[in-house]
1. Has segment 197-219 got at least one residue that is touching a residue at least 60 places away in the same chain (Cβ under 8 Å), touching a Pro at 6+ places or on another chain (Cβ under 9 Å) and within 20 Å of GLU18 (Cβ to Cβ)?
2. Quick one: in segment 112-141, which of the residues that are buried (at least 20 other Cβ atoms within 10 Å of the Cβ) and among the hydroxyl-bearing types (Ser, Thr, Tyr) is nearest to ALA172 (Cα to Cα)?
3. Can you name the condition, by its number, that LYS257 falls short on among (1) more than 25 Å from TYR24 (Cα to Cα); (2) modelled with pLDDT under 95?
4. Select from segment 246-266 the residues that are free of Cβ contacts under 8 Å to residues at least 60 places away in the same chain and either in a strand (DSSP E or B) or within 15 Å of the chain's Cα centre (by Cα) (or both) and list them in ascending order.
5. Among the residues of segment 207-216, are any modelled with pLDDT under 95 and in a helix (DSSP H, G or I)?
6. Determine, yes or no, whether SER84 is of a type in the set (Ser, Thr, Tyr), without any contact (Cβ under 8 Å) to a residue 40 or more places away in the chain and closer than 18 Å to ASN186 by Cα.
7. For segment 220-245, give me the residue count where each residue is part of a helix (DSSP H, G or I) and touching a residue at least 40 places away in the same chain (Cβ under 8 Å).
8. Which condition from (1) modelled with pLDDT of 95 or more; (2) in a helix (DSSP H, G or I) is the one that GLU94 breaks?
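The values are calculated or read from the model by the stated rules, or taken from the named source; none is laboratory data. Remember, it's a predicted structure, so these values are computed and weren't measured experimentally. All Cβ positions, glycine included, derive from the backbone under ideal geometry; neighbour counts span all protein chains shown.
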Amino acid sequence: MNLIYDKIYSNKRISFNEALKLYYNCDLLTIAHLADSIKNKIHSKPVISFVIDRNINYTNICKSGCLFCAFYRNQGDKDAYIISKNDLKKKIQETIELGGTQILLQGGMNPDLTINYYVELLNFIKTNFNIHIHGFSPPEIAFISEQSSLSIKKTIEVLKQAGLDSIPGGGAEILVDEIRKKISPNKCSADIWIEVMRTAHESGIYTTATMMFGHIEKIENIIDHLIKIRDIQDQTGGFTAFIPWTFQPTNTKINVKTKSSADYLKILALSRIVLDNFKNIQASWVTQGEKIAQLALSFGANDFGSTMIEENVVAAAGVSFRISKDEIIRLIKDAGFVAAQRDCYYNILTTFLPKSGTTYLKF
């Protein structure tokens, strides 16, 4: 193990087998220290960022039928919807009034919608508001491409011209087709997810990368996922951040025990170590709650994520943590860091310095 530790402290890349050995043979506090040392080299100042935004789900109609999703509805269900322009306008206006700088625009794979709907949606938003649109995960883009008989490259070009600013990393789950076919059989393959991301980066659109773990995958699958996105980042440099979170089984069709907070923190730390070419790693207070999110800041995370003025997908699985901007600032400060509001590209907009003489807890 000492040879692996030496590589990490010397800023050298670890391999698949070394990552696997680290996971099985490294205790929680040691792997936290390793991850934290890497974070502190990349981010020399004790600043933890966050963004003010809102998740807007433009439709909950989805043909994917993912076993892990409690949010989607089928066509004809009484609570199925496509958002109205009036409701969309109200949600964005409220976001801006609360200091929001972006919206996360996501929905289901709705077979009634073609690219014309998405172009009109983006044009409507950009005509009425000056706000960053972080929208349409790779499975959505692949679906739009298929529905509209366009290449993925052309689909991204059209959406970008209509107002799409960046792309979220949703729908990655675990980038291993053996797993994907079992939990989301109608969603795009791992190769298509990767193609969308590479194409977006080549088109000048930055994206995030994500991972949902804690369902039927093995640790080998998790490490495979991490190395795949590390390889993409080597090639394009287009990922702004990585966000791992744990699967929430309530109200879903996958009957497993929820992963513990210790499991989450260990994978978070491992992610920081393996993803040596990612500057930003985000904590998931949405699935873990505020106290574990604070701990995550000493396990490699340098970002507290979003205020999420609205969030529906995780909430549908029975998890409904809510945190205001002021609460995020307090939590970051109480963990011993300086809070800073950022934009989607991780540019700092406002820094909230502690009062003189104040002492905060540092994990």
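1. Taking every residue of segment 197-219 in turn, at least one turns out to be touching a residue at least 60 places away in the same chain (Cβ under 8 Å), touching a Pro at 6+ places or on another chain (Cβ under 9 Å) and within 20 Å of GLU18 (Cβ to Cβ).
2. SER137
3. For LYS257, the failing item is (1).
4. Restricting attention to segment 246-266, the residues satisfying the condition of being free of Cβ contacts under 8 Å to residues at least 60 places away in the same chain are 246, 255-261, 263-264.
Within segment 246-266, THR246, TYR264 meet the criteria.
5. So far as segment 207-216 goes, no, none of its residues is modelled with pLDDT under 95 and in a helix (DSSP H, G or I).
6. Working: of a type in the set (Ser, Thr, Tyr): yes; without any contact (Cβ under 8 Å) to a residue 40 or more places away in the chain: yes; closer than 18 Å to ASN186 by Cα: no.
No, not satisfied.
7. Filtering segment 220-245 for residues part of a helix (DSSP H, G or I) gives 220-236.
Filter once more, so that each one left must be touching a residue at least 40 places away in the same chain (Cβ under 8 Å): 220-230, 233-234.
Residues meeting the conditions: 13.
8. (1)
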